[in-house]
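Visitor: This is the structure I want to talk about, given as structure tokens.
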Amino acid sequence: MKLSDIKDLLHAEVVVGQDKLDMSVKAGAASDLMSDLLTGQNNNAVLLTGLCNVQVIRTSVIAGIAAVVLVRGKQPTQEIITQAREHGLPLLSTPFTMFTSCGRLFSKKLRGVDEKISTPVHSR
């Protein structure tokens, strides 16, 4: 899915990265716990988060996140904007909640970063 599609679906404001709207992302992740991003397969994923501090940018860069969307209309500080710009990390803000944002993206076929989960066989 292209970042421009995500922007449109989430009615998002582009804070940083207007020039990267044609970039494609392969999956989505949602978390307010940045340490969770360091344990998964997040390369080329878009992160949805309600956390609005510079650690979001720093962790996203380390985890290989392609773009960050702040939910619930959160507005980043100048320090966050500067860090995102320095790292070339697109940063958007959506008025939707995290749950609604995830649902809107999932309904348009953007899938999570989960590896295929096998269904356990229950013994009787």
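Visitor: Of the numbered conditions (1) modelled with pLDDT of 95 or more; (2) in a helix (DSSP H, G or I), LYS74 satisfies every one except a single condition; which is it?
Guide: With (1) modelled with pLDDT of 95 or more; (2) in a helix (DSSP H, G or I) applied to LYS74, the lone miss is (2).
Visitor: Now for a different question. Does THR39 count as surrounded by 14 or more Cβ atoms within 10 Å (Cβ to Cβ) and among the hydroxyl-bearing types (Ser, Thr, Tyr)?
Guide: On the way: surrounded by 14 or more Cβ atoms within 10 Å (Cβ to Cβ): no; among the hydroxyl-bearing types (Ser, Thr, Tyr): yes.
In short, no.
Visitor: Any residue at all in the range 22-31 that's in a loop (DSSP other than H, G, I, E, B) and farther than 16 Å from MET1 by Cβ?
Guide: So far as the range 22-31 goes, yes, one or more of its residues are in a loop (DSSP other than H, G, I, E, B) and farther than 16 Å from MET1 by Cβ.
Visitor: Within the range 13-32, can you find the residues that are under 12 Å from the mean Cα position of the chain (by Cα) and either surrounded by 14 or more Cβ atoms within 10 Å (Cβ to Cβ) or of a type in the set (Ser, Thr, Tyr) (or both)?
Guide: Quick first cut of the range 13-32, residues under 12 Å from the mean Cα position of the chain (by Cα) only: 25-32.
Within the range 13-32, VAL25, LYS26, ALA27, GLY28, ALA29, ALA30, SER31 meet the criteria.
Table: residues versus (1) touching a Gly at 6+ places or on another chain (Cβ under 7 Å); (2) crowded, with 16+ Cβ neighbours inside 10 Å.
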residue	(1), (2)
ILE6	no, yes
HIS11	no, no
MET34	no, yes
ALA45	yes, yes
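Visitor: Out of everything in the range 96-124 that is loosely packed, with under 10 Cβ neighbours inside 10 Å and charged (D, E, K, R), what residue ends up being modelled with the lowest pLDDT? Give the derivation first.
Guide: First pass over the range 96-124, keeping only residues loosely packed, with under 10 Cβ neighbours inside 10 Å: 107, 109, 115-124.
Narrowing the set further to residues that are charged (D, E, K, R) leaves 109, 115-116, 124.
Numbers: LYS109: 93, GLU115: 57, LYS116: 48, ARG124: 44.
Among residues in the range 96-124 that are loosely packed, with under 10 Cβ neighbours inside 10 Å and charged (D, E, K, R), the one modelled with the lowest pLDDT is ARG124.
Visitor: Can you list residue pairs whose Cβ atoms sit under 6 Å apart, with the first residue in the range 34-54 being more than 10 Å from VAL113 (Cβ to Cβ) and the second being exposed (fewer than 14 other Cβ atoms within 10 Å of the Cβ) and of a type outside the set (D, E, K, R)? Count only pairs 6 or more apart in sequence or on different chains.
Guide: Here the result reads MET34/GLN55, each pair linking the range 34-54 to a residue that is exposed (fewer than 14 other Cβ atoms within 10 Å of the Cβ) and of a type outside the set (D, E, K, R).
Visitor: Of the conditions (1) at pLDDT 95 or above; (2) in a loop (DSSP other than H, G, I, E, B), THR39 clears all except one; give me its number.
Guide: Of the numbered conditions (1) at pLDDT 95 or above; (2) in a loop (DSSP other than H, G, I, E, B), the odd one out for THR39 is (1).
Visitor: Looking only at the range 6-21, how many residues end up being in a helix (DSSP H, G or I) and either touching a helix residue (DSSP H, G or I) at 6+ places or on another chain (Cβ under 9 Å) or hydrophobic (A, V, I, L, M, F, W, C) (or both)?
Guide: Count: 3.
Visitor: Scan the range 57-95 for residues that are β-branched (Val, Ile, Thr), surrounded by 20 or more Cβ atoms within 10 Å (Cβ to Cβ) and over 10 Å from the mean Cα position of the chain (by Cα) and report the count. Write out each step before concluding.
Guide: Filtering the range 57-95 for residues β-branched (Val, Ile, Thr) gives 57, 59, 61-62, 65, 68-69, 71, 77, 80-82, 94.
Filter once more, so that each one left must be surrounded by 20 or more Cβ atoms within 10 Å (Cβ to Cβ): 57, 59, 65, 68-69, 71, 80, 94.
Add one more test, that the residue is over 10 Å from the mean Cα position of the chain (by Cα), and what stays is 57, 59, 80, 94.
Residues flagged as β-branched (Val, Ile, Thr), surrounded by 20 or more Cβ atoms within 10 Å (Cβ to Cβ) and over 10 Å from the mean Cα position of the chain (by Cα) within the range 57-95 amount to 4.
The values are calculated or read from the model by the stated rules, or taken from the named source; none is laboratory data. Owing to the predicted nature of the structure, the values given are computational and were not obtained by experimental measurement. In this analysis, Cβ positions are derived from the backbone assuming ideal geometry, glycine residues included, and neighbour counts consider all displayed protein chains.
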